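Enquirer: Sharing a structure, written as structure tokens. Questions coming.
The values are calculated or read from the model by the stated rules, or taken from the named source; none is laboratory data. No experiment lies behind these values; they were computed from the predicted model shown. Don't worry about glycine lacking a Cβ; one is built from the backbone with ideal geometry, like all the others, and counts go over all protein chains shown.
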């Protein structure tokens, strides 16, 4: 239980940092007078760094050690954030984003998350697993909400004349760097129970698990590319350019969005216990994509914000259910690999898409990424339901047998 609390704490603090930079990143880069292609490329560089770190964590963390790996990831995030705050050159910004795994998604989906999710199931029974993931995600989204509020700090500093615009943004990036380092405090408290007993040898994935992971990863890649068109940084940029609102208003919107996300996780766990994990994933995710399309046609920021918040109350309900499902359909010794592989394809998709989204926003319309992202997510939902509606988690099989 102590390990679970430490993991919860680390996830919360890291989510504050992620929520903050997710909102600030696009606006900050725009204030540096970078074009949309460069903004998209910088976001892609940060996500590419997350891909590289996740690749290493997936295949080496069991041997290096989970605690050591988690501490190293926090230190890299801190170092990259410091460099990012100190430079304005596009190439240097991209390099710092890569090293620091700077996440323009606005949601924490990096290598540390892979390791934490691989460990969490060992702290709960099958019946408790989905709720443990739900609480983990609630804390993350509350952290994302707090971080989104922190993103309004530059506006507050400018309005109160405490700092001028460039210094206000630099100071805020310094706060982000400090937040990136704080999870180390939680990680040093982790016990040896979080380490895999097979730490000295490579884990073999069974043929049945390999088939399931191949199918899931292929589908998650589609969803991830769609999500890469819809990063928080690009959505913030969309609201900033389309409606002319400031970073303070955007920060408040993303704060409310993350609160909506947080509440939806508990509902998702409750719903999954009644209709199943796959059904919950699909039948809440698809309406959220349709709502996203309506944001593009909103006549004002107020209307767009309301539609966006409705979308956010549904879009994250597939997250704890998806995490729980992946951990349920593989063996305990396969969880680090399963968590890592499924996250790798998601991160790769997120990393690929922003550069194309930036190009589309520049060459056609600011709203094009919303249409592309929503359409691909609907396709993913249909394919996921067709492929996995008959494959159930152990607790669902037990309920079916009991009835």
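Enquirer: Does residue 56 satisfy being over 18 Å from the mean Cα position of the chain (by Cα) and within 22 Å of residue 186 (Cβ to Cβ)?
Expert: Numbers: over 18 Å from the mean Cα position of the chain (by Cα): yes; within 22 Å of residue 186 (Cβ to Cβ): yes.
In short, yes.
Enquirer: Just give me the residues in the stretch 361-394 being more than 30 Å from residue 116 (Cα to Cα), under 23 Å from the mean Cα position of the chain (by Cα) and not in a loop (DSSP other than H, G, I, E, B), in sequence order.
Expert: Matches in the stretch 361-394: 361, 368, 369, 370, 371, 372, 375.
Enquirer: Oh, and also: Kindly indicate whether any position in the stretch 241-264 is assigned to a loop (DSSP other than H, G, I, E, B) and surrounded by 17 or more Cβ atoms within 10 Å (Cβ to Cβ). Don't jump to the end; show me each part of the working.
Expert: First, pick out the residues of the stretch 241-264 that are assigned to a loop (DSSP other than H, G, I, E, B): 244-246.
When the remaining residues are screened for being surrounded by 17 or more Cβ atoms within 10 Å (Cβ to Cβ), the result is 245.
Yes, the conditions are met somewhere in the stretch 241-264.
Enquirer: Having 2 or more residues that are touching a residue at least 40 places away in the same chain (Cβ under 8 Å), surrounded by 19 or more Cβ atoms within 10 Å (Cβ to Cβ) and more than 23 Å from the chain's Cα centre (by Cα) is the bar; report the helices (runs of 4 or more DSSP H) wholly within the stretch 97-202 that clear it.
Expert: On the way: elements: 111-119, 126-150, 153-159, 165-181, 183-187.
Where helices (runs of 4 or more DSSP H) fall fully within the stretch 97-202 and carry at least 2 residues being touching a residue at least 40 places away in the same chain (Cβ under 8 Å), surrounded by 19 or more Cβ atoms within 10 Å (Cβ to Cβ) and more than 23 Å from the chain's Cα centre (by Cα), they are 153-159.
Enquirer: From the list 52, 45, 81, 85, exactly one residue is in contact (Cβ under 8 Å) with a residue 24 or more places away in the chain, under 30 Å from residue 365 (Cβ atoms) and either in contact with a helix residue (DSSP H, G or I) (Cβ under 9 Å, 6 or more places away or on another chain) or not in a helix (DSSP H, G or I) (or both). Which is it?
Expert: Numbers: 52 fails: under 30 Å from residue 365 (Cβ atoms); 81 fails: under 30 Å from residue 365 (Cβ atoms); 85 fails: under 30 Å from residue 365 (Cβ atoms).
None of the others qualify; the one that does is 45.
Enquirer: So which of 386, 399, 311 is out of contact with any helix residue (DSSP H, G or I) (no Cβ under 6 Å at 6 or more places or on another chain) and modelled with pLDDT of 90 or more? Working first, answer last.
Expert: Details: 399 fails: modelled with pLDDT of 90 or more; 311 fails: out of contact with any helix residue (DSSP H, G or I) (no Cβ under 6 Å at 6 or more places or on another chain).
Result: 386 is the single residue among 386, 399, 311 that is out of contact with any helix residue (DSSP H, G or I) (no Cβ under 6 Å at 6 or more places or on another chain) and modelled with pLDDT of 90 or more.
Enquirer: Name, by its number, the condition in (1) at pLDDT 80 or above; (2) within 16 Å of residue 321 (Cβ to Cβ); (3) touching a helix residue (DSSP H, G or I) at 6+ places or on another chain (Cβ under 6 Å) that does not hold for residue 135.
Expert: Here residue 135 meets the rest and fails (3).
Enquirer: Another one. Look at residue 326 and say whether it is more than 21 Å from residue 108 (Cα to Cα), surrounded by 22 or more Cβ atoms within 10 Å (Cβ to Cβ), at pLDDT 90 or above and touching a helix residue (DSSP H, G or I) at 6+ places or on another chain (Cβ under 9 Å). Let's see the steps before the verdict.
Expert: Values: more than 21 Å from residue 108 (Cα to Cα): no; surrounded by 22 or more Cβ atoms within 10 Å (Cβ to Cβ): yes; at pLDDT 90 or above: yes; touching a helix residue (DSSP H, G or I) at 6+ places or on another chain (Cβ under 9 Å): yes.
No; evaluated as a whole, the condition is false for this residue.
Enquirer: In this structure, is residue 234 within 17 Å of residue 357 (Cβ to Cβ), part of a helix (DSSP H, G or I) and in contact with a helix residue (DSSP H, G or I) (Cβ under 6 Å, 6 or more places away or on another chain)?
Expert: Details: within 17 Å of residue 357 (Cβ to Cβ): yes; part of a helix (DSSP H, G or I): yes; in contact with a helix residue (DSSP H, G or I) (Cβ under 6 Å, 6 or more places away or on another chain): yes.
The answer is yes for residue 234.
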